[in-house]
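Note sheet for the following structure.
The values are calculated or read from the model by the stated rules, or taken from the named source; none is laboratory data. These figures come from a predicted structure and were not determined experimentally. Reconstructed Cβ throughout: ideal geometry from the backbone, glycine too, with neighbour counts over all protein chains shown.
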Ligand SMILES: [Zn+2]
């Protein structure tokens, strides 16, 4: 799976960074949007993502820099031709926000909007739906806010050709059935279970996307060892009081979080205007890395693409 950062600024856009939005592209073909700050649809087009293939929208919280682009995005999806229901999930207040924005503007969507308002303290109950799982966990901010844990569905291991050969199985139809998890009977009457020829299942990929927060520790027991965590680094060292006052993180707080999580990689995002130029972002990266030994720390840029590969089993 792949991430495309569509907005990496805090609060207000800068000349090079738009406000928060992130696309998750799945190997199966569709994509999800996590947060949808104002003008996100511009970045969607710049990233060459097709609105029609957007299959789900997840919000971390309802501050304007994370959701004021949503009504426009929903209309873009409609104009692209969507007629199937679309799930939009986020904290309480989401339905009221959309009712008002779509209602007063006289916008009628040609598809059903499945608005899923989260409980105030979600503890990881997955959203209904096929494919990858989306699990919200409450984290601390000034308004109800969540971290989304995105989990790959379990997949069977692959047929090991050497073991299949050793058992005398060469028929591709039989190999296909074993790959699909079926027990097969050979011409000589032997019954072969899939476990006799399949490699162990690959470790499912997991990505954690945190909304704005000054304390996301509640999610750690559920997300230990994630392949990738995305979390804000709104302030540099020396601004801890400001971070606490506004419910945000310094780069070092976020680095320490990734270390406690034993994440493989950390991507910093949500840079405050004065701290968003390349030089200062590099300083935030150093501060986070110093607090996160063993974790690869990256700085998000708008339109940056990042592949999430499977960890070696
Ligand atoms: Zn924000």
Original post:
Counting just the residues of region 282-313 that are closer than 23 Å to residue 63 by Cβ and touching a helix residue (DSSP H, G or I) at 6+ places or on another chain (Cβ under 7 Å), which one comes out surrounded by the most Cβ atoms within 10 Å (Cβ to Cβ)?
Top reply: 288
**OP:** List every residue pair whose Cβ atoms lie under 7 Å apart, where the two residues are 6 or more positions apart in sequence or sit on different chains, the first residue falls within region 59-71 and is in contact (Cβ under 8 Å) with a residue 24 or more places away in the chain and farther than 13 Å from residue 95 by Cβ, and the second residue, located anywhere, is near the ligand (Cβ under 8 Å from one of its atoms) and not in a loop (DSSP other than H, G, I, E, B).
**Re:** 60/66; 65/19
Original post:
Which of (1) within 16 Å of the ligand (Cβ to nearest atom); (2) more than 23 Å from residue 275 (Cβ to Cβ); (3) part of a helix (DSSP H, G or I) does residue 62 not meet, given it meets every other one?
Top reply: (3)
Original post:
Of the residues in region 1-21, how many are in contact with a strand residue (DSSP E or B) (Cβ under 9 Å, 6 or more places away or on another chain) and in a loop (DSSP other than H, G, I, E, B)?
Top reply: 11
Subject >> Subset tally (residues that are part of a loop (DSSP other than H, G, I, E, B) and surrounded by fewer than 18 Cβ atoms within 10 Å (Cβ to Cβ)) for region 215-235 >> reply: 2
Original post:
Looking at region 184-214, which of its residues are in contact with a strand residue (DSSP E or B) (Cβ under 6 Å, 6 or more places away or on another chain) and surrounded by fewer than 12 Cβ atoms within 10 Å (Cβ to Cβ)?
Top reply: 185, 191
Original post:
residue 170 versus (1) surrounded by 15 or more Cβ atoms within 10 Å (Cβ to Cβ); (2) more than 25 Å from residue 57 (Cα to Cα): which is the lone unmet condition?
Top reply: (1)
Original post:
Taking residue 72 and the conditions (1) buried (at least 19 other Cβ atoms within 10 Å of the Cβ); (2) part of a helix (DSSP H, G or I), which numbered condition does it fall short on, given that it satisfies the others?
Top reply: (1)
Subject >> Complete set of residues in region 243-253 that are on the phi < 0 side of the Ramachandran plot, within 14 Å of the ligand (Cβ to nearest atom) and either surrounded by fewer than 21 Cβ atoms within 10 Å (Cβ to Cβ) or part of a helix (DSSP H, G or I) (or both) >> reply: 243, 246
Original post:
Which members of region 177-214 meet the condition of being within 16 Å of the ligand (Cβ to nearest atom), farther than 19 Å from residue 153 by Cα and not in a loop (DSSP other than H, G, I, E, B)?
Top reply: 210
Original post:
Being without any contact (Cβ under 8 Å) to a residue 24 or more places away in the chain and at positive phi, is that true of even one residue in region 183-200?
Top reply: yes
Original post:
Can you tell me which residues in region 176-201 are farther than 30 Å from residue 127 by Cα and touching a helix residue (DSSP H, G or I) at 6+ places or on another chain (Cβ under 6 Å)?
Top reply: 178, 184, 194, 197
Original post:
Is it true that residue 80 is farther than 24 Å from residue 126 by Cβ, assigned by TED's automatic domain parsing to the domain that holds residue 281 and more than 13 Å from the ligand (Cβ to nearest atom)?
Top reply: yes
Subject >> Set 129, 106: member being assigned by TED's automatic domain parsing to the domain that holds residue 222, modelled with pLDDT under 95 and part of a loop (DSSP other than H, G, I, E, B) >> reply: 129
